[in-house]
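Asker: My questions all concern the structure below.
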């Protein structure tokens, strides 16, 4: 089995056309239904189980929800022409302290749905110029367009979806 590259080791090249904006937004819309499909018919116990000290499925989902505030804030940074995007907390303190395992899966999915829909509503009608606006990503230290930021979110979603699927197999 191929080991998944850790998120922190990922490198990105943002060289695709702004015309992919609707496709990337569609990927963002698809995260919740994919999580629902993967977790369907799983027990709360299965979804709360940590394997080898790694986050449980609920903690992975909670983490995705926790980051929606950052993603939305970065959209605001682009819209406010900030030179550098706000930084993520790479210690993931919000997720570490949240005790997502205490929530049932329905609550976590509802929280994620509300937060993700807020982000999608913010970006779905953007024009090409706005989607191409640029700021510096603080960790990667590369210029990133707003569309690249959305792609980054979709890649982060997929990273955790793969982790969720792996932990349930």
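Asker: Helix 57-79 against the longest principal axis of the chain: what's the angle in degrees, Cα atoms only, rounded to the nearest 10?
Answerer: Around 10 degrees separate the two axes.
Asker: Then there's this: How far, in degrees from 0 to 90, does helix 105-123 lean away from the longest principal axis of the Cα atoms of the chain, to the nearest 10?
Answerer: Here the helix axis deviates by roughly 10 degrees.
Asker: What's the exposure ranking of 100, 137, going from fewest to most Cβ atoms within 10 Å?
Answerer: Ordered by Cβ neighbours within 10 Å, fewest first: 137, 100.
Asker: Can you run the Rg to Rh ratio on the stretch 1-72? Use alpha carbon positions and the Kirkwood inverse-distance Rh.
Answerer: 1.02
Asker: Which option, (i) -0.65, -1.08; (ii) -0.82, -1.06; (iii) -0.58, -1.01, is the value of log10 I(q)/I(0) by the Debye sum over Cα atoms at q = 0.13, 0.17 Å⁻¹ that was calculated from these coordinates?
Answerer: (i)
Asker: If you don't mind, another one. Once you order the gyration tensor axes a ≥ b ≥ c over the Cα atoms, which shape class does the stretch 4-46 get: rounded for a/c under 1.5, otherwise prolate or oblate by comparing a/b with b/c?
Answerer: oblate
Asker: R0 = 25 Å: FRET efficiency of residue 72 with residue 9, Cβ-based, nearest 0.05?
Answerer: Calculated transfer efficiency: 0.45.
Asker: Still on this structure, please answer the following. Can you tell me the relative contact order of the stretch 39-169? Whole percent, Cα pairs under 8 Å, sequence separation 6 or more.
Answerer: Relative contact order of the stretch 39-169: 32 percent.
Asker: Report, to the nearest 10°, how far helix 146-168 tilts away from the longest principal axis of the Cα atoms in the chain, using its own Cα long axis and a range of 0 to 90°.
Answerer: 10 degrees
Asker: If you don't mind, another one. Give me 135, 113 ranked fewest to most by other Cβ atoms within 10 Å of their Cβ, as a rough exposure proxy.
Answerer: 113, 135
Asker: With each run of n ≥ 4 DSSP H residues scored as -39500 (n - 2.57), what mean residue ellipticity at 222 nm is computed for the chain after dividing by its residue count and rounding to the nearest 500 deg cm²/dmol?
Answerer: Value at 222 nm, helices only: -19000 deg cm²/dmol.
Asker: Please list 149-159, 88-98, 57-67 highest first by mean number of surrounding beta-carbon atoms within 10 Å per residue.
Answerer: So the order, starting with the most tightly packed, is 57-67, 149-159, 88-98.
Asker: For a footprinting-style exposure proxy, rank 160, 125 by other Cβ within 10 Å, fewest first.
Answerer: Exposure proxy ranking, most exposed first: 125, 160.
Asker: Then there is this: Given Cα positions, please report Rg to Rh for the stretch 50-134, the hydrodynamic radius being the Kirkwood one.
Answerer: 1.05
Rule-based calculations on the coordinates, nothing more; no lab input. Fair warning: this is a prediction, and the values are worked out from it, not measured in the lab. Note that each Cβ is placed from the backbone with ideal geometry, even for glycine, and that neighbours are counted across all protein chains shown.
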